[in-house]
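Some notes on the structure that comes next.
Every number here is computed from the coordinates shown, using simple stated rules; none is lab data. Since the model is a prediction, treat every value here as computed from it, not as a measurement. Neighbour counts are summed over all protein chains in view; Cβ atoms, including those assigned to glycine, are modelled from backbone coordinates with ideal geometry.
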Amino acid sequence: ALYSTFFLFLFWGVYILQLNKKDKLNQGFFFLCLTLSIWAFGFASASVQSNITTVLLWRRLAAIGWSSVYSILVHFLFILTRTKSKYKYYNLLYLLHIPALFSMVIYSFSNTMAQIHYNLVQAPFGWINLAVNSIYDYIFYVYYFVYMAVGLLMVWNWKKQISSKKRNRESTYIFWALLSALILGSLSDIWLNRLFTSFVPQLGPLVFLIPMGTIYHAARYNGLFENISFSDNEVILTKINQKRVFYNLSWVFLLGGGFSLLSSLFQQTQITQESIRQALLRAGIIACFGIVLMINQKFQNDKSRENINNVILLVSIPLITMLYLDQASANIWVISIIVMIGSLVFNKKVLLISSAVVGIITQRLIWVLRPQTLVIINEYDFILRIGLLILFFSLTLSVNHIYVARLKEIAYQISFQKINAEISSEFVAITKDNFDERVDSLLAKLGNFFGVDRTYLFLLDHKSKTMTYSHEWCQEGIDVEVNTIKDIPFEVFAWWIEKLDKEKLIYIADVQKMPLEAHEEQQQLIRQNIKSVVAVPIMGDGLLEGFIGIDSVKEKKYGHLKILSF
């Protein structure tokens, strides 16, 4: 169970990170999952050992995870609950990690302190640690309870400030999931083994599956992080998607090298300098392919970058496979399949066909060199296989996202073209008498198609240099703004008018992130509780005559409105 938990945390973290590697929210979730995976892996490895010295070594590794998870959790929740926007000295949040570093020194890094502060006892289900109740243990308990309480308080305050029913429901789930982890984790890891004579398993990493699974589900399926979008540039074969696929492949090599090293060392009944050297050589070569592949994505010359990518991947198949010739490449042969999966998103079949041919030739060569080989499969081989399956699944999921996003975009554009044709046909017969009726019909169709809260028309008067909010359509429950904004001077919204006139489109996914020069416009949008907005200009004889606005009031719209810029 603990090994499965390790892989699950690792998968969740890597998956969310690759959706948007530059966003701090995704980075925070990844580091949170990473610390939990270290905790789970250390506990899992310690539980199957028979030597108490080895158990202590793995427990000290686990301490890196459980020491840092609570400070990283609070830091992550600061970002998630938008507390950072109200916190004047946000950079000082890194001071939150001081107790975690202190705990790591005591329970992990210091040999002397670790020997004193672990009381390891072997139970029927594995090893547990009975606290010695030193001053350092109580310091950790204070750190643990205070940080969890702060996290719960932030989520509770966030819940009270959210107007969206969906977000409010998700924040409620996260609150109760965190509270459950606090109660269950405290019982299993602290209290039960003190209160009862029979030992109880310490299940800290397992109980954290509850809040982490809740957050992952909300981010993955309900857009909790709001920055995760496959709409922008999600067209098959764009340069961005090509780089993304190769970047993901580079991580497959890097993580594969790590799994290879761990598996090789754990399989050894007696670790020698030669076995360590061989394991490091294999892992190093695999990781080098990942590093070179990652660096190559920085090159600007598209043709050269593509050729180098192909060479790296094709060379990796026979070279990495031959590294495990003594085992007849029992586990590593799947590398050719991984390369073929990565090549599916390209319209040129060169890499796909070449990787298949090279893979077949390599397997034929191994068949000749090792026609019969006895391979002993143990638990660490299965761990390696599970790790490879997770890497394989992550890459396949990334490729699937590209295809699905492209198909959705095509369907969306077809629907948009249909509504555009309907609107065009209606406006062919527009007259002065039916102008208001046709405009209202247009705004209603746009609002329903994009699923937004408000659409409207602004008309500009160049003689008086003013603009007026003339027509509007709103969803039920949205405040009506028409007739409240009249004869606004151009200079009040100078940035808005200039941007429409020059760039022909305004697309603001998050009103809170508007530039400083758009302060007046931002304040007006905030007054109307607008989260996202698109403005499309109406031109006449090369002059800006007005614009159609599309507002999202209840929630931010990332990517949903960007189709208007195509």
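Classify region 38-81 as rounded, prolate or oblate from the Cα gyration tensor: take a ≥ b ≥ c as the square roots of its eigenvalues, call it rounded if a/c is under 1.5, otherwise prolate when a/b beats b/c and oblate if not.
prolate
Relative contact order for region 1-222: what percent, with Cα pairs under 8 Å and sequence separation of 6 or more?
Relative contact order here is 18 percent.
What is the order of Arg364, Arg167, fewest Cβ neighbours within 10 Å to most?
By the 10 Å Cβ count, ascending, the order reads Arg364, Arg167.
With θ taken as phi - 60° and the coefficients 6.51, -1.76 and 1.60, list the Karplus ³J(HN,Hα) couplings across region 7-21 in order, rounded to whole Hz; mark glycine and proline as x.
5, 5, 4, 4, 5, 4, x, 5, 5, 5, 5, 6, 6, 7, 5
May I ask you to evaluate 6.51 cos²θ - 1.76 cosθ + 1.60, the Karplus curve with θ = phi - 60°, for each residue of region 120-129 and list the ³J(HN,Hα) values in order in whole Hz, giving x for glycine and proline?
Here the 3J(HN,Hα) series is 7, 10, 8, 9, x, 9, x, 8, 10, 10 Hz.
Cut-off is 10 Å between beta-carbons; in what order do Met212, Met113 appear when sorted fewest neighbours first?
Lowest count first: Met113, Met212.
In nm, give the distance between the simple-model label positions of Lys408 and Gln372, each being 7 Å from the Cα along the Cα-to-Cβ direction.
For the pair Lys408/Gln372, the computed spacing is 5.5 nm.
Cα gyration tensor of region 1-222, axes a ≥ b ≥ c as square roots of the eigenvalues: rounded (a/c below 1.5), prolate (a/b > b/c) or oblate?
Verdict is prolate for region 1-222.
Under the Karplus relation 6.51 cos²θ - 1.76 cosθ + 1.60, θ = phi - 60°, what is the ordered set of whole-Hz ³J(HN,Hα) values for region 40-47, x standing for Gly and Pro?
5, 5, x, 5, 4, 5, 5, 5
Is the shape of region 433-564 rounded, prolate or oblate, going by the alpha carbon gyration tensor and its root eigenvalues a ≥ b ≥ c, with a/c under 1.5 for rounded and a/b larger than b/c for prolate?
The shape class here is rounded.
Where does each of 468-478, 56-66 land if you order them by average Cβ count within 10 Å, highest first?
The peptides rank, most packed first, as 56-66, 468-478.
Which of Asp501, Asp541 comes first, and how do the rest follow, when ranked by fewest Cβ neighbours within 10 Å?
Asp541, Asp501
Which entries of Lys165/Lys486; Lys166/Lys298; Lys160/Lys445; Lys408/Lys486; Lys408/Lys556; Lys159/Lys486 have Cα-Cα distances beyond 28 Å here?
Lys165/Lys486; Lys166/Lys298; Lys160/Lys445; Lys408/Lys486; Lys159/Lys486
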